[in-house]
Amino acid sequence: MSRRREAQRRPRLRQEADSFRCIHCRLDVPLSAPGTRHRNHCPNCLHSKHVDDHVPGDRASECHARMEPIAISVRGGGEWVIIHRCSGCDALSANRSAGDDNPLMLIRLATRPLASPPFPMERLAAL
Ligand SMILES: [Zn+2]
Ligand SMILES: [Zn+2]
């Protein structure tokens, strides 16, 4: 009984949901995520959807196309940030990694450039 009461008391917009379905791998993803206020990407495949315009969580974009994770950046303090590129309009966005993001996918993304360097690796030995 008390659980139902609490759910009703929580202030929320009527259309706001507790989860979203990943646009890429179709996983049902709960919106609450450890370490971030606005979960904006799938913890399984790291894909996102273009819904925010300029501010994370503003839901102001009408693009709604799939956003592919293309790179990892590191902020001061060691925080990992996933760079997404929109497959519809080529917009780039930087999104904090959540605590339950798939570690293997994060590492694959971070090491991808090392798998195809723009020069022969042997050149490093000559430096
Ligand atoms: Zn996914
Ligand atoms: Zn877009």
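The values are calculated or read from the model by the stated rules, or taken from the named source; none is laboratory data. Everything quoted here is computed from the prediction, not taken from an experiment. Cβ: placed from backbone, ideal geometry, glycine included. Neighbour counts: every protein chain shown.
Some points to look at:
- Taken over the stretch 29-47, the criterion of being modelled with pLDDT of 85 or more, more than 9 Å from ligand 1 (Cβ to nearest atom) and not in a loop (DSSP other than H, G, I, E, B) is satisfied by PRO30 alone.
- The residue that is farthest from ligand 2 (Cβ to nearest atom), counting only those in the stretch 33-87 that are of a type in the set (Gly, Ala, Ser) and within 12 Å of LEU106 (Cα to Cα), is SER73.
- Residue that is nearest to ARG21 (Cα to Cα), among those in the stretch 60-97 that are within 16 Å of ligand 1 (Cβ to nearest atom) and of a type in the set (Gly, Ala, Ser): ALA65
- Qualifying residue in the stretch 46-59 (condition: among the hydrophobic types (A, V, I, L, M, F, W, C), within 15 Å of ILE23 (Cβ to Cβ) and in contact with a Pro (Cβ under 8 Å, 6 or more places away or on another chain)): yes
- Considering residues of the stretch 48-62 that are surrounded by 16 or more Cβ atoms within 10 Å (Cβ to Cβ) and in contact with a strand residue (DSSP E or B) (Cβ under 8 Å, 6 or more places away or on another chain) only, the residue modelled with the lowest pLDDT: ASP52
- Residue match in the stretch 71-81 (condition: in contact (Cβ under 8 Å) with a residue 12 or more places away in the chain, loosely packed, with under 14 Cβ neighbours inside 10 Å, within 15 Å of the chain's Cα centre (by Cα) and not in a strand (DSSP E or B)): yes
- Subset of the stretch 98-117 that is under 21 Å from ARG26 (Cβ atoms) and in contact with a Ser or Thr (Cβ under 9 Å, 6 or more places away or on another chain) - its residue that is surrounded by the most Cβ atoms within 10 Å (Cβ to Cβ): ALA98
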